[in-house]
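Engineer: The structure is given below, and queries will be raised subsequently.
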Amino acid sequence: MEIDAGRAFYQPEVNPPFPPTRSLDRGGKRRHHPRPSRPHPEPPVTDATDLINARYRDPSLLGGVAMNPVLETILSHSSCRAFLPDPIPPATLEAIIAAAASAATSSNLQVWSLMVVEDPGRKARLAALAGGQKHIEQSPTFLVWLADLARLDTIAKQSQAEIAGIHFLELFMVALIDAALAAQNAVVALESLGLGSVYIGALRNQPEKVAAELGLPKLVFPAFGLSIGTPDPKGTSGIKPRLPQSVVVHREQYDPTIDPSAIAAYDTRMSAFQTERNMPDERWTQRVISRVRTPDSLTGRHRMREALGNLGFELK
Ligand SMILES: Cc1cc2nc3c(=O)[nH]c(=O)nc-3n(C[C@H](O)[C@H](O)[C@H](O)COP(=O)(O)O)c2cc1C
């Protein structure tokens with residue numbers, strides 16, 4: 001059985017939401033709409049349990065939390081690897097980027113930047129650098145999330161200030177975390193708008209060549225890509241199960257023991273997910289081990305320290 005993105009589980013409130021009390025008229029001035037009276041607001045009609053069950057396929061879950069549209073979007077996530085050619089409207093992209101920028105950012109440094117790539121030739125060259133992944137070319141817009149210390153460096157130089165701190169590993173980590181948090185906010189926002197996306201970590205296979213293709217200065221690192229666009233319904237994969245909370249969550253102190261039966265149960269759930277979609281039934285355990293078996297398994301990324309050095313990061 002195909003477990004779909006979960007839209008069927010959640011029914012929004014019966015009454016439409018209130019319109020905004022203020023909006024802009026054509027001249028850009030604010031105009032006021034009185035709130036209509038709302039005699040019988042309906043309570044939410046479902047809870048989030050069905051979608052949480054779809055995420056874990058774990059019968060031991062408690063359930064019982066009320067559903068809302070934010071939870072629905074997040075719990076329904078699945079990566080999209082097949083796109084229709086429809087372009088992303090500029091205002092939609094602007095809203096997605098605003099969502100990204102709304103993520104928390106360490107010390108408000110905002111040491112991330114975004115590269116928007118829509119030129120077919122450049123997308124093709126980036127796809128070739130990222131292991132030939134076809135969805136990079138197929139999606140109308142390819143985003144590259146950048147850990148960016150160059151802007152801070154330039155701003156400091158313009159103020160004739162010394163900032164020795166940016167050459168430490170900590171600042172690179174701050175920039176990488178900032179970029180990741182911004183990107184995930186963008187993913188939630190675009191999925192809430194009915195769009196789809198897939199992260200492209202393979203963009204780190206050859207970081208120097210990607211940096212050259214994008215004209216990146218020193219101290220800017222292409223952390224990962226994100227193909228975005230309108231999902232092709234033929235290419236949807238559904239809600240992929242995650243490791244049980246009993247394996248992932250620790251309380252007060254880390255417990256290094258791992259219950260083999262919990263991992264075996266997860267292997268079984270992932271096998272079922274794969275089989276339902278006519279995808280190869282490779283055990284999850286085998287798959288993750290083979291992903292890190294040898295340095296070559298990292299598809300070029302085993303030389304990341306050297307690549308970062310070439311891109312100007314001292315990582316003291
Ligand atoms: C940082 C990052 C890098 C990823 N890189 C790739 C990639 O290069 N190609 C790809 O097809 N999927 C990539 N993915 C998607 C993961 O394979 C996917 O998120 C994971 O299998 C879970 O599936 P789901 O997102 O559908 O729940 C990446 C995900 C993340 C978070």
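Engineer: If packing is taken as the average number of other Cβ atoms within 10 Å across a peptide's residues, how do 102-114, 287-299 rank, most packed first?
Structural biologist: Numbers: 102-114: 16.3, 287-299: 10.8.
Top to bottom by mean Cβ count within 10 Å: 102-114, 287-299.
Engineer: Under a straight-distance cross-link criterion of Cα-Cα below 26 Å, which lysines are reachable from K240, leaving out those fewer than 8 residues away in the same chain?
Structural biologist: K134
Engineer: To continue, here is another question. Enumerate the lysines that K157 could reach by cross-link, defined here as Cα to Cα under 28 Å, with residues fewer than 8 away along the same chain left out.
Structural biologist: K209, K218, K316
Engineer: Can you compute the modelled spin-label distance between K316 and A95, with each label point 7 Å from Cα toward Cβ, in nm?
Structural biologist: Reported label-point gap for K316 and A95 is 4.6 nm.
Engineer: Alpha carbon centre of region 273-315 versus region 244-270: separation in Å?
Structural biologist: 22 Å
Engineer: Still on this model: Taking Rh as the Kirkwood radius, which is the inverse of the mean 1/r over Cα pairs, what is the Rg/Rh value for region 173-264? Each step should come with its number before you reach the end.
Structural biologist: Details: Rg = 18.0 Å, Rh = 16.7 Å.
When Rh is taken as the Kirkwood radius, the ratio is 1.07.
Engineer: Any chance you could run the full-extension gain for Q245 through A128? It's 0.36 nm times the residue separation minus the Cα-Cα distance, nm to one decimal.
Structural biologist: Separation in residues times 0.36 nm, less the Cα-Cα distance, equals 38.4 nm.
Engineer: How much length is gained if the chain between S159 and E306 is pulled fully straight, taking 0.36 nm per residue apart and subtracting their Cα-Cα distance, in nm to one decimal?
Structural biologist: Numbers: separation 147, 0.36 × 147 = 52.92 nm, distance 3.09 nm.
49.8 nm is the gain from fully extending S159 to E306.
Engineer: Let me test this: with uniform point scatterers at the alpha carbons of region 78-234, what is the Debye-based log₁₀ I(q)/I(0) at q = 0.15 1/Å?
Structural biologist: For region 78-234 at q = 0.15 Å⁻¹, log10 I(q)/I(0) is -0.78.
Engineer: Calculated from DSSP H runs of 4 or more alone, at -39500 (n - 2.57) each and per residue, what is the 222 nm mean residue ellipticity of the chain, nearest 500?
Structural biologist: Helices in the chain give a 222 nm mean residue ellipticity of -11000 deg cm²/dmol.
Engineer: Now, a different point. Calculate the FRET efficiency for Q110 and Q286 from the Cβ-Cβ distance with a Förster distance of 35 Å, rounded to the nearest 0.05.
Structural biologist: 0.30
Engineer: I need the P(r) histogram for the chain: all alpha carbon pairs, bin width 20 Å from 0 out to the longest distance, whole percents.
Structural biologist: 24, 55, 20, 0
Here, each number is a calculation from the coordinates, and none is a lab measurement. Just so you know, these numbers come straight off a predicted model, no measurement behind them. Please note: Cβ atoms are built from the backbone with ideal geometry, for glycine as well, and neighbour counts cover all protein chains shown.
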